[in-house]
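The structure appears right after this line, and notes come after that.
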Ligand code: GLY
């Protein structure tokens, strides 16, 4: 298959795969574990990605019923905008409520996104200077633990501030990023998944992990969240420091990819360990955003190579469930190893669409070997 036709075909497959799943799903698809989609009635932290896939499919040639289903999935998440202990509210409401507001112009969805932003900002511990990583991790006490993933939830606060929200939302964004750049980002450009503080005194205790191999390893998806979260925030806020930090993590990511171009679940895992294609899709999206910010060809080249590698060895081109295979949700806890994840599918779909947009704008062809 030549040039851009592979990209068009992948987008068509993403639309078809989302339509197929939409016809079967009564609840929110979360991860594929042992070959079967696991559904959740409330969407846990991934429901926004399902709504986001439905919106993308509705906007890229899917049947009209998908728009109805995208609205229904978005509506079903709205009761969670008031969550008081959930650092994933950006994941839940940017791809759903913000996408719904943009697609329908219904201000109710913007208000819902703003409420979710306030709920997230209310979790900020002003004394300690961070949003704890409250989420879906069983009974653990997360008061003193900060996840690198939280970066991805901050664009919701910026959007809310831009649309009549309290300016204090931006202070939370600045403080959370400062904590992450000051503690998670390491000298070699990789990031800790978790950084722990003493919740009583705020004293820094050290790097840790929840889903990675070890505290000082480099959990692939954490690296990808950092690249993309920082690149999006750099664009929204025009911040060169965030852009440079995103590029540092992206350099680490690219330099540690194996020969087949698909990230292992953790960059410090032994050769032959399960892959995490979702980390590849998320990082590719972040690198596209870096290219748009910097106009540096190397980021377009890196994104294109990642997408080609995922297309060649992870895209579902058959009857398996999901759009993107060989993702790993949480290996240490035995969840979704070498399966499909809703976030992997969403960022795969979003990256394909954005890549085509970038290539079209630049009058480039997806078959071109973009210089490194
Ligand atoms: N908790 C975010 C992730 O699993 O990537």
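The values are calculated or read from the model by the stated rules, or taken from the named source; none is laboratory data. None of these values were measured; they are calculated from a predicted model. Counting neighbours? That spans all protein chains shown, and the Cβs are built from the backbone with ideal geometry, glycine included.
Among the residues of region 327-370, count how many are closer than 14 Å to residue 262 by Cβ, surrounded by fewer than 24 Cβ atoms within 10 Å (Cβ to Cβ) and touching a helix residue (DSSP H, G or I) at 6+ places or on another chain (Cβ under 6 Å). The number of residues fulfilling the criteria is 0.
Within region 238-265, being part of a helix (DSSP H, G or I), touching a residue at least 60 places away in the same chain (Cβ under 8 Å) and either within 16 Å of the ligand (Cβ to nearest atom) or touching a strand residue (DSSP E or B) at 6+ places or on another chain (Cβ under 8 Å) (or both) holds for 245, 248, 249.
For the condition away from the ligand (no atom under 16 Å from the Cβ) and either free of Cβ contacts under 8 Å to residues at least 60 places away in the same chain or not in a loop (DSSP other than H, G, I, E, B) (or both), residue 302 qualifies.
Considering 229, 206, 235, 222, the condition of being more than 16 Å from the ligand (Cβ to nearest atom), in a helix (DSSP H, G or I) and either closer than 16 Å to residue 148 by Cβ or touching a helix residue (DSSP H, G or I) at 6+ places or on another chain (Cβ under 7 Å) (or both) is satisfied by 235 alone. Whether a residue is in contact with a helix residue (DSSP H, G or I) (Cβ under 9 Å, 6 or more places away or on another chain), farther than 23 Å from residue 304 by Cβ, more than 16 Å from the ligand (Cβ to nearest atom) and free of Cβ contacts under 8 Å to residues at least 12 places away in the same chain was assessed, and residue 188 does not pass this test. If you check residue 212 against the conditions, is it within 16 Å of the ligand (Cβ to nearest atom), assigned to a loop (DSSP other than H, G, I, E, B) and more than 22 Å from residue 89 (Cβ to Cβ)? Considered against the rule, which asks whether it is within 16 Å of the ligand (Cβ to nearest atom), assigned to a loop (DSSP other than H, G, I, E, B) and more than 22 Å from residue 89 (Cβ to Cβ), residue 212 comes out as yes. Only one of the numbered conditions (1) surrounded by fewer than 18 Cβ atoms within 10 Å (Cβ to Cβ); (2) touching a strand residue (DSSP E or B) at 6+ places or on another chain (Cβ under 6 Å) is violated by residue 295, and that is (2).
Within the bounds of region 314-325, is there any residue that is over 28 Å from residue 167 (Cα atoms), within 15 Å of the ligand (Cβ to nearest atom) and modelled with pLDDT of 95 or more? Yes, that holds for at least one residue. When restricted to residues that are closer than 15 Å to residue 180 by Cβ and out of contact with any helix residue (DSSP H, G or I) (no Cβ under 7 Å at 6 or more places or on another chain), region 240-255 contains 3. Note on region 27-36: residues that are surrounded by fewer than 23 Cβ atoms within 10 Å (Cβ to Cβ) and modelled with pLDDT of 95 or more amount to 1.
Once region 75-87 is narrowed to residues that are touching a helix residue (DSSP H, G or I) at 6+ places or on another chain (Cβ under 6 Å) and within 16 Å of the ligand (Cβ to nearest atom), the residue that is nearest to residue 124 (Cα to Cα) is 87.
Give the residue that is surrounded by the most Cβ atoms within 10 Å (Cβ to Cβ), with candidates limited to residues of region 133-175 that are in a loop (DSSP other than H, G, I, E, B) and in contact with a strand residue (DSSP E or B) (Cβ under 6 Å, 6 or more places away or on another chain). Result: 133.
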